[in-house]
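Enquirer: One structure coming up, written as structure tokens, with questions to follow.
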Amino acid sequence: MRSILNDCTNLVQDRCTRLFSQPCLLCGVRALGRPLCPGCLRDLPRLAAPRCPTCARPTPGGETCGACLKRPPAFERCRAALAYAPPADILVQRLKYGGELALAGFLAKLLLPEIDYEDLPDAVLPMPLHPRRLAERGFNQAVEIGRRLSQRLGIPLLLADCRRTRDTPAQVGLDHAARQRNLRGAFACGQTLRGRHIALLDDVMTSGASLNALAQAARQAGAARVEAWVVARTLRD
């Protein structure tokens, strides 16, 4: 009798595992209730500590990096979960270009441990897409990640307050000065942010030029404090 019960229990457990599990998005092994299996989750490239408090680039002793000392950005600090390197880059690209919106919640969860819960912003502002780019893609990946963070943190998500006024060319291959020129006047905030603490949100930060331009627009709209939240940070510009 005990043998029969054990066999039945094992059969039920096996069927439940098959029913509620899904293939790992990176290796294909079944991952129970998660997008990634435990092995691939461990392989995600966490940003090394300590880091520059302004841009999250790893620095000795956690000191402000030379780039931020030379050209302080319009945002005060950056929170980042991962280095933009394999296999994290695959996940970001599958959300951004593959339309796998289920990844938005997973990426949002990775960012949560980096957030200071004792100093939460008044609102989250996702990086806006130009209307033409939004029409082509069908969604804004920063907005999708932001929706999950807004729900978990209980803070508003700003969707109509700021917009992208120019569909700027790709930043790849441009030096810092060229990137700044490329993004000059690219954002505008139509609503006042006077006195508010705003967290800008994007999937990836490379040089920080886009986030800096958006931070400048938020400052011009009256934001008192501006910080940046990104899922992944490149280690090179």
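The values are calculated or read from the model by the stated rules, or taken from the named source; none is laboratory data. A quick note: this is a predicted structure, and the numbers were derived from the prediction, not measured. When we count neighbours, we look across all protein chains shown, and the Cβ atoms used for this are built from the backbone with ideal geometry, even at glycine.
Enquirer: Please verify whether Ala31 is modelled with pLDDT under 90, touching a Ser or Thr at 6+ places or on another chain (Cβ under 8 Å) and buried (at least 18 other Cβ atoms within 10 Å of the Cβ), treating the condition exactly as stated.
Expert: yes
Enquirer: Tell me, yes or no, whether region 11-27 has at least one residue that is surrounded by 13 or more Cβ atoms within 10 Å (Cβ to Cβ), modelled with pLDDT of 95 or more and of a type in the set (A, V, I, L, M, F, W, C).
Expert: No, there is no match, as no residue in region 11-27 is surrounded by 13 or more Cβ atoms within 10 Å (Cβ to Cβ), modelled with pLDDT of 95 or more and of a type in the set (A, V, I, L, M, F, W, C).
Enquirer: A further question on this structure: Scan region 46-53 and tell me whether some residue there is under 13 Å from the mean Cα position of the chain (by Cα) and surrounded by fewer than 18 Cβ atoms within 10 Å (Cβ to Cβ).
Expert: No - not one qualifying residue is present in region 46-53.
Enquirer: Right, here's the next one. For region 130-146, enumerate the residues that are part of a loop (DSSP other than H, G, I, E, B) and out of contact with any Asp or Glu (no Cβ under 9 Å at 6 or more places or on another chain).
Expert: Once the filter is applied, which keeps residues that are part of a loop (DSSP other than H, G, I, E, B) and out of contact with any Asp or Glu (no Cβ under 9 Å at 6 or more places or on another chain), region 130-146 yields Gly138, Phe139, Asn140.
Enquirer: Please indicate, with yes or no, whether at least one residue in region 155-175 is at pLDDT 80 or above, hydroxyl-bearing (Ser, Thr, Tyr), closer than 19 Å to Pro121 by Cβ and surrounded by 14 or more Cβ atoms within 10 Å (Cβ to Cβ).
Expert: No.
Enquirer: Could you grab me the full set of residues in region 119-146 that are at pLDDT 95 or above and more than 26 Å from Pro87 (Cα to Cα)?
Expert: Of everything in region 119-146, those that are at pLDDT 95 or above and more than 26 Å from Pro87 (Cα to Cα) turn out to be Asp119, Leu120, Pro121, Asp122, Ala123, Val124, Leu125.
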